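Colleague: A single structure is presented below for examination.
Nothing in this text is a laboratory measurement; each read-out follows from the coordinates by a stated rule. Since this is a predicted model, take the numbers as computed values, not measurements. Backbone-built Cβ (ideal geometry, glycine too); neighbour counts: all protein chains shown.
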Amino acid sequence: METYSSVKEFFKQYGLILGVGVSVLLVITILTIAISHKTPPTVEREQDFVPVSSPIITFSEPVSEITLLKDYSNSALQYNTTLKLWQAHKAIDFSAAEGTEVYAVMDGKVVEVTYNYLLGHIVKLDVGGGMVVVYASLSKDIPVSTGDQVKKGRVIGYVGNTAKSEASDGPHLHLEVWLDDENVDPNLYLDLAQK
Ligand SMILES: [Zn+2]
């Protein structure tokens, strides 16, 4: 009996506090369950990988003294004084004295040494990644052969005036860049500003 009355006494004293405490605990429990049953945090969807910028390929200079003769034009017509007609010039021409050394702009493999009436003596250098650098209007004396692995800066030819389609421009290097069999602007890979 005494126990009962002390329990009663206890509740009389602390009933309100207990009630509030239990209510608070109940609310917390309900909230916790509600939150944990909400949709799970969305996992960041994997995006297609988009590189911030493509790796930059920078060629070393193809001739030691850069003198721009004719710039690249994909569609803009330039007057060809030899053929006496307007045409796009999908290459860069560098003026240089006959016999000037022409260098590999990157490590690569000589994939073709050839002659073509319009572009003269030609060396094609595969520099990897689907890119081929074409050196034309070279002199007849070619110091490399098909299949040669060459290091950047290696002499792969000499400036000539063998491109019949550009003969009146005088001795020069006609440089083309091909990427996956598409002609591209060599300016993308040459840093001529610092020359
Ligand atoms: Zn040219």
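Colleague: Quick one: pull the percentage of alpha-carbon pairs in the stretch 80-195 with a separation above 20 Å.
Modeller: In whole percent, the long-distance tail amounts to 37.
Colleague: Right, next: Per 0.36 nm of contour for each residue apart, how much would the distance between LYS90 and ASP191 grow if the chain were fully extended, relative to their Cα-Cα spacing?
Modeller: Using 0.36 nm per residue and subtracting the Cα-Cα distance, I get 34.6 nm.
Colleague: Right, here's the next one. Multiply the residue separation of SER64 and ASN80 by 0.36 nm, subtract the distance between their alpha-carbon atoms, and state the gained length in nm to one decimal.
Modeller: 3.2 nm
Colleague: Distance check, please: which entries in LYS70/LYS90; LYS90/LYS140; LYS124/LYS151; LYS90/LYS164; LYS90/LYS124 exceed 21 angstrom between their Cα atoms?
Modeller: Violating the 21 Å Cα-Cα cut-off are LYS90/LYS140.
Colleague: If packing is taken as the average number of other Cβ atoms within 10 Å across a peptide's residues, how do 150-158, 133-141, 61-69, 76-84 rank, most packed first?
Modeller: Descending mean neighbour count gives 133-141, 150-158, 61-69, 76-84.
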